[in-house]
1. Along each of the three principal axes of the Cα atoms of the stretch A:69-166, give the extent in whole Å, ordering the values from largest to smallest.
2. Would you mind checking the tilt of helix B:328-340 against the longest principal axis of the Cα atoms of chain B, expressed as 0 to 90 degrees and rounded to 10?
3. For the pairing of chain B with chain A, what total accessible surface becomes buried, with a 1.4 angstrom probe, in square angstrom to the nearest 100?
4. For a quick check of your reading of the filter: which trypsin sites (Lys or Arg not before Pro) in the stretch A:223-261 sit in a DSSP loop and have no more than 11 other Cβ atoms within 10 Å?
5. State, in angstrom, two size descriptors of chain A derived from its alpha carbons: Rg to one decimal place and Dmax to the nearest whole number.
6. Pop out the ³J(HN,Hα) list for the stretch A:90-95 in order, Karplus 6.51 cos²θ - 1.76 cosθ + 1.60 with θ = phi - 60°, rounded to Hz; leave Gly and Pro as x.
7. Would you mind telling me the share, in percent, of accessible area of the protein assembly as shown contributed by carbon and sulfur at probe 1.4 angstrom?
8. From Cα pairs below 8 angstrom and at least 6 apart in sequence, can you work out the relative contact order of chain B, rounded to a whole percent?
There are 2 protein chains.
Amino acid sequence: MTYGEIAATRLRDIATASVTTEGVTRLPWSSEHRTALAQITTWMEDAGLSVSLDAAGTLCGKSPNPTGKPALLIGSHQDSVPSGGAFDGIMGVALGCLAAKALRDELDDFPFALEVLAFADEEGVRFPTALVGPRALAGTLDPMVLDMRDRDGVSMRDAMARFGIDTDATPATHRAPGTVAGYIEAHIEQGPVLEKHDLPVAAVSAICGISRHEVRITGETGHAGTVPMAGRRDALVAAARIVAGISDAAGRAGELRATVGDLSVRPGAVNAIPAEVTFPLEVRAPDDAARMAFEAETLAKASNICAAAGCRISASRTYVQPAVICDPAMTRAFERAIGEGGTKVLTIPSGATHDASAMADLCPVSMLFIRCRDGVSHRPDEFASAADMDVGISVMIGAIRNLAQGLPKGR
Amino acid sequence: MTYGEIAATRLRDIATASVTTEGVTRLPWSSEHRTALAQITTWMEDAGLSVSLDAAGTLCGKSPNPTGKPALLIGSHQDSVPSGGAFDGIMGVALGCLAAKALRDELDDFPFALEVLAFADEEGVRFPTALVGPRALAGTLDPMVLDMRDRDGVSMRDAMARFGIDTDATPATHRAPGTVAGYIEAHIEQGPVLEKHDLPVAAVSAICGISRHEVRITGETGHAGTVPMAGRRDALVAAARIVAGISDAAGRAGELRATVGDLSVRPGAVNAIPAEVTFPLEVRAPDDAARMAFEAETLAKASNICAAAGCRISASRTYVQPAVICDPAMTRAFERAIGEGGTKVLTIPSGATHDASAMADLCPVSMLFIRCRDGVSHRPDEFASAADMDVGISVMIGAIRNLAQGLPKGR
C-alpha cells in the first residue's frame, strides 16, 4: 500500500466519526470529535509521535526531542461543516502523520523536531468563532470567545470542560516563539485551478486578504406601468450595472476575486420600480494594497453609476482580514520538492482561510494544495484521490528534508 | 365654488369612509363601501340622475331618458387599496357626477343619455379578482369568481348578498351593445408625465398591454475565494448584464416600459458564487406588436448573455393582457376639449389598468388623465388639486358636447 492508499483508508475510516451518514458532520467538542481523536492518536503513535491534548483541544503528536530543538509544526483541523466531506482539514492531519512516519529515522539529523497538530475547530460552525487552537498557540485567542454559546445554549467553556479540557489553562497554551520553527499545512485546494492545470499539487504563495462591504443603492419606487423609462431612478438597474462592472474589473485584476453573492430588492413587486437594493461585496486578493485599490476604484465607479441613474449609494465595510504571505523560503522548499518529484511546479494563492492564517501570528507558514475533484468542498462528494495524496505526502517529505538543509529563521 | 372645489370637498368628505384614518382603505362590500355609496347617491341626485344598484354592485346614476337613447357611460371605481389615497378611482365618479350636473339642461338635444357608474372593485385587494362591475356589464364575468374567498374565508357571493345584492341576477347584468354609446373615465395619471410637462390633464391614447415572464438563470456556485474569475459561471453577473440591457433597450423603445421589480439569488451567501437567479420581467406597451417584439429580442439577447457566461436561461410567460386602444374619435373629442380650454394638448398611453380596460369589451372607451402630485398614487399623500380637477371637469363637459355633435358608432 502506498502512503496515499493508507491515507485514503484512514480518511474513509475516520469519516464514520460523523453525525450524518451522508457526508461528514463533525463539530468540535462532540462525541464524534472524541472518536476522531482516538483514531488520530493511532496515526500519530504509528508515526512514533507521543500524543497529548493541549488546553485548547488541539491533539499534538510530538517526535522524540531530547535536545529541545524547535518544532516544525504540521497541522490542520479535525472538524467539518455539516454534511461536508471526508478531506477538508482532516486530510492535512493524515498526510502530516504519514510524512512524520516516513521521516522518523532521519529526525536526529534535522535542526528541528516534528509535531503534528489536529486542531479542534477551523470551520466555526458550532460557535460564532473559529481557529481556537492556532490562536491559542499564537497567543491571539480572546478569552471572551470561551463564553460564546452554541444553538443549544452551551458555552464553549462548558463544552471544552466536558471534553476533559482545563479551560483555565487555555490562555497559557501560547507557545514561545523560539520553540517553533514554522508551520506547514496540506489542504485540498477547494477550487478548480489544479484540475484545470491537470496537476496533483501546488505550492501556496499567500492566503488572500478579505474585505466585505454592505452596499445599499437607494432610488425611487413607482408604478412599473405609469413611470416612463426616462424618468426612472431604478435602484436595481443601477445595482445591475455595478455588479456587471465589478465582474469585468475583477476579471482584469490578476489574482483578485470579487463576488456579489446575494442581492435583495425593495419593495420587490413585479409591478413596482425597485426603490432600494442591498448587496454584499466581497473582495479577496493575496496583495492587500491591490485589494484596497480595487475596493476604492469599485466604490468610486459605483458612485458614478448611481449619480447617472439618479440614485444614492452607501457602503460600509463589515469585515476585513489582511492577507498572509507564505514564508518565501518555506514555499520554495515545497516548490523544489514538487519539481524533484517530476511534477510541474505551480504556485497559487489560497482564496480561503486556513489554520495557517492564524498560525502566521506565531511563526513562518506555508501550505501545500492537493487537487480535489471538480474543485468541490464542503459537500459529501468532496474527493481527493489516493494517487494525488501520495504525491502530496512525497512533496511534504521532500519539503521537510529541504527545510532541514536550510530552515529559514523563525520570527 | 368652482366645480373643482366642489369635487375637492366631496372627495375629502368621502375619504372618511375608510377603515384607516391615515389614507383611505375601502374594500368592496364593506360598511365603508355602503357609506361611500350613500354619499355618491347624493352626488348623483344633485346631478338629476336616478340612482340604482345593479346586480354586480355598481351604483348607476341615469339621466332621464324617455326616448330610450343609448347611454354614454362615465365611470370609475369606489374602492381603494389599503392605506391608499382619496383620488384613485373615486375622483372619476365625482368628476362624472359634476359633468353630468353641468350638462343636465342640454341632454334633450344629445344623441345619447348619460349614466354615471361607481364600480365596486377595481383594485382587487379583497378577492383575488377585480373589475367585477365592468366585466358584468360587458358579459365577460366568469361566474366562478363569485365563489372566491377573502382572507376571512368569506365568499364574494356571500359578501355581495350581505350587501343586499341578488347574486343570482349578477350574470344578467350584461348590457346589450345597442344600449351603450361608449364609456369614458377620468382618473389621476398615477405617473409623473403631466407634472413634468406642467399640464393639468392629458387625453389617453391606449391602455398598455402587459406581459410578465418569470426568468431563471442557472450557473454554478463555488467558493468566492477559491474559484478564479475566469472560470466562473456566476448567475448573478449574467442576470445583472440582462437587467441593465433591458433598461437600455426599453429606454430606446418609445412608449414601452420594461421593469425587473424583484430578484432573488441562491444560495445567497456573501462568500458563495450565485448558482441561480430568478426575476420577474414585466413589459408594458400601448402597441402589442411592439411589446411582443421587445420580449422576443430581450429573451434572445438574454440567451446570448447567458451562453457567454456559461449559464442556462429559462423564461416562462406568467401573464398577458392585450392593449386596449382608446376609440380615436372619443380621444379626439377629449383633445379638442383640452385645446378649446386653452390647455396644451398632450395625449399619452395609460401604463396602468383601469375599469375602461374591461369596458372595452362592451363599447368604445377613452380616458382623461388628471395630474397628481409627484406622480404618487396608492399612498395617503396621493393628491390632485381642485384647480386641476376643475380643468378636468371642463374637459369632460367639452368632450361630451363634442361627442354629442358626432358620436362614433358603437361596436
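The values are calculated or read from the model by the stated rules, or taken from the named source; none is laboratory data. As the structure is a computational prediction, the values presented were derived from the model and not from experiment. Methodologically, a virtual Cβ is constructed for each residue, glycine included, from the backbone with ideal geometry; neighbour enumeration extends over all protein chains shown. Ligands, DNA and RNA are stripped out before the accessible areas are found, and what is left, the full protein with its side chains, is counted by its heavy atoms. Shrake-Rupley method; radii C 1.70, N 1.55, O 1.52, S 1.80 Å.
1. Cα spread of the stretch A:69-166 along its principal axes, largest to smallest: 50, 30, 21 Å.
2. 70
3. It comes to approximately 3800 Å² buried between B and A.
4. A:252
5. In order Rg, Dmax, the Cα atoms of chain A give 23.6, 84 Å.
6. Per residue, the Karplus-derived 3J(HN,Hα) values read 4, 4, x, 5, 4, 5 Hz.
7. 51
8. This gives 23 percent for chain B.
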